[in-house]
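Take a look at the structure set out below.
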Amino acid sequence: MSYHSLRDCIEDLKKHGQLLTISEEVDPELEMAQIHLQVNQQRGPAILYEKVKGSPFPAVSNLFGTEKRAEFIFRRQLSKVAKVITLKGDPHKALRQPWRYLSAPFTALYSLPKKVRSGPVTKNETSISQLPMIKSWPNDGGAFITLPQVYSEDPDKNQTLKSNLGMYRVQLNGNDYLLNKEIGLHYQIHRGIGVHHTKAIELGQPLRVSIFVGGPPAHT
């Protein structure tokens, strides 16, 4: 199935009995994580929290909680992507079995990033404090986003194809952070974003990043 949004995916999971909907208000301070842990340990369905305390936004977890559900979500694309990855490892297979890999170039081309002038993500504005402040463990320093897509570019080249897209934990509050003005971004310095950060420091520039949460499951 090809989803244009996370909501499309949630509706599809609901239609096929793979979604647990919680309508009562839940507390992002440890309660949501505990619910998730219990459902995940039972290899249960994805979970939609319709009302999150202190936030106007719903939240979903356990989306990729089982291999079977991940295969269901990507049931129409998985084989196509697998062909691209196979050819990356052994390009000669395209010569030995050309008809089998005929769709691979088109899949790879479609996967390239492209620039657009507008999109749903630019429609509204919010603040950090309105996001679900999910704290998973009692000793965590604050609320975290654990599955974001963090985009950065090489400050020396500023080219999309020289960019880095990774998942790094985002700390929304706690420590000495000024709420709605500062957050923490956790990553190892030898990663792609760390290389970009080092170059930005050498150039005397701030490292600009874009942090994306949600969207179609394929983004994640």
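Miscellaneous remarks
- Residues in segment 35-50 that are within 21 Å of the chain's Cα centre (by Cα) and outside any loop (DSSP other than H, G, I, E, B): Ile35, His36, Leu37, Val39, Asn40, Ala46, Ile47, Leu48, Tyr49, Glu50.
- Any chance Gln42 is open to solvent by 50 Å² or more (accessible area, probe 1.4 Å) and modelled with pLDDT of 95 or more: yes
- The test for being at pLDDT 95 or above and open to solvent by less than 40 Å² (accessible area, probe 1.4 Å) does not hold for Gln130.
- The listed residues are Ile35, Ile85, and the only one of them that is modelled with pLDDT under 95 and either over 20 Å from Ser5 (Cα atoms) or in contact with a Pro (Cβ under 6 Å, 6 or more places away or on another chain) (or both) turns out to be Ile85.
- Filter result (among the hydrophobic types (A, V, I, L, M, F, W, C) and crowded, with 16+ Cβ neighbours inside 10 Å) within segment 73-93: Ile73, Phe74, Val84, Leu87
- Gly166 being among the small types (Gly, Ala, Ser) and within 16 Å of the chain's Cα centre (by Cα): yes
- Residues of segment 85-113 classified as polar (S, T, N, Q) and assigned to a loop (DSSP other than H, G, I, E, B), total: 2
- Residue match in segment 114-124 (condition: among the hydroxyl-bearing types (Ser, Thr, Tyr), in contact (Cβ under 8 Å) with a residue 12 or more places away in the chain and in a loop (DSSP other than H, G, I, E, B)): no
- In the set Lys114, Lys53, only one residue is of a type in the set (Lys, Arg) and exposed (fewer than 12 other Cβ atoms within 10 Å of the Cβ); that residue is Lys114.
- Arg76 being more than 19 Å from the chain's Cα centre (by Cα), part of a loop (DSSP other than H, G, I, E, B) and touching a residue at least 60 places away in the same chain (Cβ under 8 Å): yes
The values are calculated or read from the model by the stated rules, or taken from the named source; none is laboratory data. Since we're looking at a predicted model, the values are computed, not measured. Note that we place each Cβ from the backbone using ideal geometry, even for glycine, and neighbour counts take in every protein chain shown. Heads up: the accessible areas ignore ligands, DNA and RNA and are worked out on the full protein's heavy atoms, side chains in. Shrake-Rupley method; radii C 1.70, N 1.55, O 1.52, S 1.80 Å.
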